[in-house]
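For reference, the structure is listed below as structure tokens.
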Amino acid sequence: MTDMKSDGVAAPATMPPTGRGRRHWAAALQQNAVYAALSRVVLAHPRVAAMLVVGIPVLWVVVWNVLPLIGMLRISFLDEYPARITQGPGVTIEHYLSLFTELAAYRPFLRTMGFALAVVLVNFIVALPIAYFLAKRVPRNWQIRLLILVTVPSWVSEVIRAFSQILLLASNGAINITLQWSGVTSKPIQFLYNWFAVGGGTIYVTVLFMLVPLYAAIEKIPNQVLEAASDLGASKLQRFFRVTLPLIRDGIATGAVLVFLVSTGIYTVPVLLSGPDTNLFAQVIAAQFYESNLAWPRGAAYSVAMFATALLIAALLNYLIRPKRKFRS
Amino acid sequence: MIERISRRTILQGAAAVGGMLAMPAIVRGQSGGVVNVLGASQFFPQSMRDRFKQETGITVQYRQGATDASQIFNLLASEGQRETDIVLAYGHRNFPFIAAGYFEEIDESQIPNLNKINPVYLNSPAQKVDGVRYGIPVSAGFMLSVFRNSVVPEAERDTWETVFGDAHAGRLTWRSGGLLLAQIFYHGVQDAWFKFENTPEGVARLEDAFKMIQSWVSQNKHKIVKWYETAAEAQQLFYGNEVDVSQGTTDVVMPLVAADPDYGRAIPKEGAHGFTANYSVTTGAPHRDDAYKFIDFLLGQPDTNGEMIRSAGGVSTMLDTTAGLTEEEAALYAFSEEELSRISWLSILSADDPRFPLQDKYVATLKEV
């Protein structure tokens, strides 16, 4: 029985048998010749080990994320896809230009960018008190439990969550029934299929992306810092704006970027909850693929344009919000 | 006590796993025993696939193509070593497949049961391009209006005015995909499409009609609660009591009507467009002969017709339209001759027919005008 140490020298296995007298599975693995040979190579050659550690995730990202994007980029410059067998595809930038010339493209594009920025702002306002409460008011041993509780809605798919909003907000949904039953209203209020529904649905889906970074940032602020500010005469508002807020800018930047990127590409929520004037750009892109007789090149061009613009704005948000570090320790 | 895992055991296990993973390819490689099908499930009923396997020993390997886009994606993904034998595509959505060279000319001699299809559908130009048949019509669908019987008076039910007028503003939903073709009947400009001539004047006339409709939609879209895209969305809007009236194709409308007697449907008197769902055989299909056998088998089974109508909500293209249906079902899915005479069937004039690309261009803009 041999075990391999980091210097590549064989050592006796130290895995004890379990209480039921069974040999531990790890011990069995260590005795395997293939595993032992692989371990020997990896441990004896740190570069190989580093390449494996870095290479596998990089390969994963390249195959599943980068290659599809390259494929999409290629299609976005074709004049026809699928190309006819008898005449190969031509190359064009017309699909990109249409984003600037066609009302049906640039209006929802601009609307989506504005909407995503608004969602970031509202998310921040909604998530900040919750994150602060969790980080500073809840006993430490309850914080993780409550955080897990907050994530419960995200255990089900976006479609189910959007449908659950319909059940709540529909004309014969829970809120309208309650309002009418209690005599507050005499007929249903139109909660669905407007900005209220789309905005609410999007915030419901994205709020965790803001909440968790904010919680992590607030949790890191030592209580003594806040107490010192208080001792020096700072009011609650002054403490918030001059101590807490500057110290959580990293968290705000992370949350803002995440929420913005998710909001620009959100699809299910507007499909299910949007009205006649609240279409988002993801719906326009989907329409190119499904409704417009397979206009894939145009859909691909719009996807690439949205992706690039969203990244640019996210980088700008990050630059503006994240604190500038003049000195590095 | 766990036995030590020997190298031999690992090698044997790896060989077994490898064998299992390779099995689909091995099975696929055996031509003659398999047919690979791509399309909406309701047109290839499970019971028919099982019966076909029992009678012929040929296995039908079925992949669901939720939309035409995903179907073509699958075809493209397997380009070069194409795996699909039969595809189901709707009406003019056949066109990209045919234009891309993915469908072969149907070999009618291999389908003796072709004579069970009503010649009205079989000989319509909807499955043909430049006179060549690329599809076999197995079900027909069309645009309808759907409404609550308790809300819409009987006298108002068979006109597009109910769907597009002011009477039900705020309680309407429209589907952008089929709106242009419903609107050309509402505005009485359907000749621009159905008597279309592929000349600059013909194209300009059709474009003028679409521009007029675009302008009308711009001024009237406040009447709708929501644009819907899928049958499930429309049904949700009705069940949730958000709307009373809509336009939709048979796959949207018939499940509603079948579910609740308060929902009614009509082919409006101004007219509506119709289309067929077709079986097509792919170019270079790896199991071509078995594909034709399966198509012929499906056409020869009365139950296919019944199951298809029940699940897809269309109209039978068979000579015996009630085959496989109960009396109640036959009554529910029956449309009178007078109603059916209001339908104008979509067709493709030639490989460079400009109408559908033009329609798609305007459909894409409707929600934003």
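Every number here is computed from the coordinates shown, using simple stated rules; none is lab data. Quick caveat, the model's predicted, so the values are computed rather than measured. Cβ coordinates were reconstructed from backbone atoms using ideal geometry, including for glycine residues, and neighbour counts include every protein chain displayed.
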* To do: Using only Cα atoms, find the angle between the long axis of helix B:288-300 and the longest principal axis of chain B, and express it within 0 to 90 degrees, rounded to the nearest 10.
  => 50
* **Cα-based helix-to-principal-axis angle, B:68-77 vs chain B, degrees rounded to 10** => 30
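Quick one: of the DSSP bridges fully inside the protein assembly as shown, what percent are antiparallel, nearest 5? Show your work: numbers first, answer last.
Working: 29 of 46 bridges.
Beta bridges within the protein assembly as shown, antiparallel portion: roughly 65 percent.
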* **Cut-off 13 Å between beta-carbons: net charge of the residues surrounding B:Y134, Lys and Arg +1, Asp and Glu -1** => -2
* Expressed as a whole number of Å, what is the distance separating the alpha-carbon centroids of the stretch B:280-319 and the stretch A:49-68? -> 45
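With Cβ to Cβ distances under 15 Å as the rule, what net charge do the other residues near B:L206 carry (K, R +1; D, E -1)? Please report the intermediate quantities before stating the final value.
Details: positive: B:K195, B:R205, B:K211, B:R355, B:K361; negative: B:D191, B:E197, B:E201, B:E207, B:D208, B:D352, B:D353, B:D360.
Net charge in that neighbourhood comes out at -3.
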* **Inter-centroid distance (Cα atoms) of the stretch A:146-195 relative to the stretch B:177-196, Å** => 39
* To do: Once you have the Cα-Cα distance between A:V63 and A:N172, take 0.36 nm times their residue separation minus that, and quote the gain in nm to one decimal.
  => 34.6 nm
* By how many degrees, 0 to 90 and rounded to 10, does the Cα axis of helix B:7-29 deviate from the longest principal axis of chain B? -> 50
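If we count every other residue with Cβ under 14 angstrom of B:G271's Cβ, Lys/Arg +1 and Asp/Glu -1, where does the sum land?
On the way: positive: B:K195, B:K269, B:R342; negative: B:D158, B:E161, B:D191, B:E270, B:E338, B:E339.
Every neighbour counted, the sum reads -3.
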* Taking a quarter of the surface of the Cα convex hull of chain B, what do you get in nm²? -> 24.1
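For the stretch B:73-215, with only Lys/Arg (+1) and Asp/Glu (-1) charged at the beta-carbon, what is the dipole magnitude about the Cα centre, in debye rounded to 20?
Details: 12 positive and 18 negative charges, 79 e Å.
For the stretch B:73-215, the charge dipole is close to 380 debye.
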* Structure fact -> Length-normalised contact order of chain B, Cα under 8 Å, at least 6 apart, in percent, tallies to 29
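Add -39500 (n - 2.57) for each DSSP H run of 4 or more in chain A, then divide by its residues: what number comes out at 222 nm, to the nearest 500 deg cm²/dmol? Present the calculation step by step, with values, prior to reporting the outcome.
Values: 16 runs with 210 residues, N = 329.
Mean residue ellipticity at 222 nm (helix-derived): -20500 deg cm²/dmol.
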* Once every DSSP H run of n ≥ 4 in chain B is given -39500 (n - 2.57) and the sum is divided by its residues, what mean residue ellipticity at 222 nm do you get, rounded to the nearest 500 deg cm²/dmol? -> -12500 deg cm²/dmol
